[in-house]
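The values are calculated or read from the model by the stated rules, or taken from the named source; none is laboratory data. Keep in mind that what you see is a predicted model, and the values were worked out from it rather than measured. Positions of Cβ are generated from backbone atoms using ideal geometry, with glycine treated the same way; all protein chains shown enter the neighbour counts. For the accessible areas, the whole protein counts, side chains as well, though only heavy atoms, and no ligand, DNA or RNA atoms are used. Shrake-Rupley method; radii C 1.70, N 1.55, O 1.52, S 1.80 Å.
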Amino acid sequence: MFETLSPAQPDKILALIGLFRDDPRPGKLDLGVGVYKDENGRTPVLGAVREAEERLLSEQDTKSYVGPAGDLMFNAAMVRLLFGSQADTSRIRACQAPGGSGALRIVLQLLRLARPAAAIWIPDPSWPNHAALVEAVGAELRSYPYFDPATGEVSFGAMIDAVKSARPGDVVLLQGCCHNPIGADLDPSQWSEVADLIVERGLFPFVDIAYQGFGDGLDADALGLRLIASRAPELAVAASCSKNFGVYRDRVGAAIIVSRTATEADNAIGQLLSVTRSMYSMPPDHGAAAVRIVLDDARLRSGWETELEGMRRRMVRLRQGFVEALQRQSNTSRFDFLARQRGMFSRIGATPEQVERLRMEHAVYLVGDGRINVAGLPETRLDEVAKAVVSVLDGFGC
Ligand code: LMR
C-alpha cells in the first residue's frame with residue numbers, strides 16, 4: 001500500500017517548531033510559528049480560561065456527546081462576539097469547529113457542494129494553509145493581489161481590479177483583521193468599497209477571522225466583517241479562538257453561515273453538519289466549553305478582555321520599539337511600516353536566503369517568506385535582533 005507514497009512536503013511553518021526545539025544555542029529566538037508570547041517568552045494559559053477550566057472540572061458530570069453542532073451556547077456567544085450583541089440573528093447559523101482551520105475546511109466543503117463551479121479567491125500573499133485547504137476540496141483556486149512591498153500597504157487598486165474579474169457566484173476569502181502574513185488590513189472605507197463590489201458583482205464573501213482583539217480591539221477588529229454582513233445578502237465566517245483565548249491545542253473555532261432567508265440558513269447548516277458527520281462526527285468540547293463559560297460570565301469576560309487588551313498593547317508597543325531599534329541600527333526609516341501594521345505578523349522584506357542566514361548565523365527563526373511574529377520579540381533584545389536583521393538584509397558578514 002504505502003510504497004506508492006512519496007515523502008510529504010513538510011508544512012513550512014510547522015517545520016520550524018521542530019527545527020527550533022532541536023537548536024541547542026542558548027539565545028535562540030523563535031519569531032516563526034504564530035503563537036502569542038509574553039515578556040518571558042511563554043504562551044500563557046489565560047487566567048480567565050484557567051478559571052473556566054477549573055469550573056468545568058469541578059462541575060462537569062458527564063462526558064457524553066454534546067451534539068453535531070457542538071456547544072450551542074458557545075455558538076451563540078461567538079455570533080455575538082463577531083457580529084455584535086445587537087445583530088439580527090434570524091438568518092445566522094453557527095456550528096462549533098475544530099479550530100479556525102477546521103472551520104475553513106468545512107465551510108469550503110459546503111461551498112463546493114453548493115456551487116461546484118465557484119472559484120475561491122484568496123489574497124496574495126496569504127496564510128499558506130488557505131491554498132492547501134482550497135485545493136483539498138478540489139475547488140478552483142484564484143488569488144487577488146493584496147500587498148505592495150514597496151510601501152508596506154495594501155495594494156488596494158490591484159485588489160479591486162482582480163475582484164472585479166471574478167465571476168458571479170465566486171467566493172472571495174477576506175482576512176478579517178491582522179492579516180497573516182502581512183499585518184496590513186483594509187481601512188473602513190476600503191472595506192466599504194469591497195462590500196459594495198461584492199454585492200454589485202454577486203460574489204460570496206467568506207471572512208476568516210483568527211485574531212479578533214489582537215489589532216485595534218474586539219469591536220474594531222470585527223468592523224470589516226460587520227460591514228460586509230450589513231450589506232451582503234449572504235456570507236460565511238471561519239473564526240478561531242486559538243489566539244485570542246490562547247487555546248491553540250484545544251482546537252476551538254466556529255463556522256458561521258448567513259443566508260438570504262431563515263429557510264436557506266437552516267438548509268445550509270444542515271448540510272454543513274452532514275459534512276462534519278462524515279469528517280469527524282462531532283467537534284471536541286473542552287476548549288469551547290471553557291470559552292463559553294468565559295464569554296457568558298461577566299466577571300470572567302471582563303478579566304479575559306483585560307488580558308486580551310494587555311496582549312494587544314504589548315504587540316503595539318513591540319512594533320514601535322522594534323521600529324525604533326531598526327531606525328538606530330539602519331539609520332533609515334525604511335522599516336517604519338511595521339508600526340502601522342497590526343497583529344502578530346509582518347514581513348521584513350527578507351529573501352529565503354536571508355531568512356536562512358538569520359537562523360544559521362544569529363539563531364533567529366523566521367518563516368521563509370520573511371514573516372516575523374512580533375509577539376516573539378523580547379523587549380530587552382530589540383537592538384540585538386534589529387542589528388542581526390539589518391546586517392543580513394544589507395548583506396554584511398556576521
Ligand atoms: C501561523 O500562521 O503561524 C499559525 O496560524 C499557525 C499555523 O497553523 O500555521
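Key figures
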{"read-out": "Radius of gyration and Dmax over the Cα atoms of the chain, both given in Å", "value": "21.2, 65"}
{"read-out": "Top positive-direction residue, dipole computed over segment 65-296 with Cβ charges, set Gln190, Ser101, Ala210", "value": "Ser101"}
{"read-out": "Top of Ala184, Ala210, Ala118 by mean-square fluctuation, Gaussian network on the chain, Cα under 10 Å", "value": "Ala118"}
{"read-out": "C-alpha center-to-center spacing [segment 1-47, segment 96-159] in angstrom", "value": "23"}
{"read-out": "Semi-axis lengths (Å, descending) of the ellipsoid that matches the C-alpha gyration tensor of segment 324-396", "value": "16, 14, 12"}
{"read-out": "Segment 65-296: relative contact order as a whole-number percent, Cα under 8 Å and 6+ apart", "value": "30"}
{"read-out": "Sum of side-chain charges, Ile257 neighbourhood, beta-carbon under 12 Å (Lys, Arg +1; Asp, Glu -1)", "value": "0"}
{"read-out": "Theoretical ellipticity at 222 nm over the chain - DSSP helices of four or more residues, -39500 (n - 2.57) apiece, nearest 500", "value": "-14500 deg cm²/dmol"}
{"read-out": "Protein-only accessible surface order, largest first, of Lys243, Lys387, Lys12 at 1.4 Å", "value": "Lys12, Lys387, Lys243"}
{"read-out": "Sites Gln320 and Glu384 - FRET efficiency at Förster radius 30 Å, r taken between beta-carbons, to 0.05", "value": "0.95"}
{"read-out": "Cross-link reach list, lysines versus Lys12, counting only Cα pairs under 23 Å and skipping chain neighbours closer than eight places", "value": "Lys28, Lys37, Lys243"}
{"read-out": "Local net charge near Gln86, Cβ-Cβ under 14 Å (Lys/Arg +1, Asp/Glu -1)", "value": "0"}
{"read-out": "GNM flexibility winner over the chain from Asp11, Asp38, Asp369 (Cα, springs under 10 Å)", "value": "Asp11"}
{"read-out": "Accessible-area value, Trp304, 1.4 Å probe, nucleic acids and ligands omitted, Å²", "value": "0"}
{"read-out": "Amide H contacts under 5 Å for Val172, placed H, 5+ residues apart", "value": "Trp121, Phe204, Phe206"}
{"read-out": "Dipole moment magnitude, nearest 20 debye, segment 184-232 about Cα centre, only Lys, Arg, Asp, Glu C-beta charged", "value": "220"}
{"read-out": "Charge dipole magnitude, Cβ of K and R +1, D and E -1 - the chain, Cα centre, debye nearest 20", "value": "140"}
{"read-out": "Mean Cα-pair separation over length for the chain, i.e. relative contact order, pairs under 8 Å, 6 or more apart, %", "value": "24"}
{"read-out": "Label point distance in nm, Ala298-Asp22, each placed 7 Å from Cα along Cα→Cβ", "value": "5.4"}
{"read-out": "Range of Cα positions in segment 317-360 per principal axis (Å), largest first", "value": "27, 25, 14"}
{"read-out": "Cα centre as origin, Lys/Arg/Asp/Glu Cβ charges: segment 28-154 dipole, Debye", "value": "420"}
{"read-out": "For the chain, built as a Gaussian network whose Cα springs stay under 10 Å, the top-fluctuating residue of Ala136, Ala229, Ala388", "value": "Ala136"}
{"read-out": "Segment 321-349 versus segment 280-299: alpha-carbon centroid distance in Å", "value": "37"}
{"read-out": "Net charge, Glu153 excluded, C-beta distance under 13 Å - Lys, Arg +1, Asp, Glu -1", "value": "-1"}
{"read-out": "For segment 65-296, convex hull volume per residue from C-alpha positions, Å³", "value": "112"}
